[in-house]
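Down below is the structure, laid out as structure tokens.
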């Protein structure tokens, strides 16, 4: 009972923080996820603390922050897209630094260092491309707001459907608790949420909004499974402990890491 209360309180604070930052404006949103990017990247590298691999924790986190910041500035048209070449140049410093670490696992260390930057810094940075109003000739903030509403609705009803009706395992080898009943329960709820959103935001029709829900839910499930695969391969229950009742940043935003790039591609195609 205590864990449910703690989990609900933490979840509520997180929801209020994300939704509040969206409603307050792009600077607040960018600032919130700047902090989340730092914590998420650091947490990703710390997952390997008890393994034989040693990704470049400090340097990788710094590059992730730089990548996030560059994407925010590009999204707001403060700097040109060519500025990403700075980050590309920094990525090539990682194998150079590995030369001086005298590690027997050089290739995995380099790969994990770069992957952590792309997995966290790139993904969270890309969210800003969906947010900034007027940059796509229409007001776009509602696409990122809808993204989280649809994702959270799906998560909530997938959990409720799963514990109530779940019998057929979705991907037992990776996540034994997930069921097909939970998946479809979450998908149906997300479709309903998308239809309701279409009544308020009419720049795309209801069919396109429902398609947005499909894209987010299906890709989000893969994001969830991928994070579960990481933890299982490392023998971890949670990626971190910073969010009481939820685990770590990566645990709470696991679906986002696959869903946001695909959601952005979808919006670019239909708008």
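Side notes on the structure shown:
- Odd one out for residue 202, checked against (1) assigned to a loop (DSSP other than H, G, I, E, B); (2) crowded, with 20+ Cβ neighbours inside 10 Å: (2)
- Subset of the stretch 223-242 [in contact with a helix residue (DSSP H, G or I) (Cβ under 6 Å, 6 or more places away or on another chain), touching a residue at least 60 places away in the same chain (Cβ under 8 Å) and under 25 Å from residue 169 (Cα atoms)]: 239
- Residue 225 meets the conditions (1) assigned to a loop (DSSP other than H, G, I, E, B); (2) surrounded by fewer than 21 Cβ atoms within 10 Å (Cβ to Cβ); (3) in contact with a strand residue (DSSP E or B) (Cβ under 7 Å, 6 or more places away or on another chain) in every case but one. The failed one is (1).
- Number of positions in the stretch 248-271 that are outside any helix (DSSP H, G or I) and under 20 Å from residue 151 (Cα atoms): 4
- Against the test of being free of Cβ contacts under 8 Å to residues at least 40 places away in the same chain, farther than 30 Å from residue 235 by Cβ and assigned to a helix (DSSP H, G or I), the options 159, 195 yield a single qualifying residue, 195.
- Hits in the stretch 207-222 - residues which are within 20 Å of residue 176 (Cβ to Cβ) and out of contact with any strand residue (DSSP E or B) (no Cβ under 9 Å at 6 or more places or on another chain): 220, 222
- Filter result for residue 154 (buried (at least 21 other Cβ atoms within 10 Å of the Cβ), under 26 Å from residue 29 (Cβ atoms) and either in contact with a helix residue (DSSP H, G or I) (Cβ under 9 Å, 6 or more places away or on another chain) or modelled with pLDDT of 95 or more (or both)): yes
- Between 245, 220, 182, the distinction of being at positive phi, touching a helix residue (DSSP H, G or I) at 6+ places or on another chain (Cβ under 7 Å) and either touching a residue at least 12 places away in the same chain (Cβ under 8 Å) or not in a loop (DSSP other than H, G, I, E, B) (or both) belongs to 245 only.
Quick grid of which residues meet (1) buried (at least 19 other Cβ atoms within 10 Å of the Cβ); (2) part of a helix (DSSP H, G or I); (3) touching a helix residue (DSSP H, G or I) at 6+ places or on another chain (Cβ under 8 Å):
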site	(1), (2), (3)
5	no, yes, no
8	no, yes, no
12	no, yes, no
15	no, yes, yes
34	no, yes, yes
39	no, yes, yes
44	yes, yes, yes
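The values are calculated or read from the model by the stated rules, or taken from the named source; none is laboratory data. Because the structure is a prediction, the values reported are computed rather than measured. Note: ideal-geometry Cβ built from the backbone for every residue, glycine included; neighbour counts use all protein chains shown.
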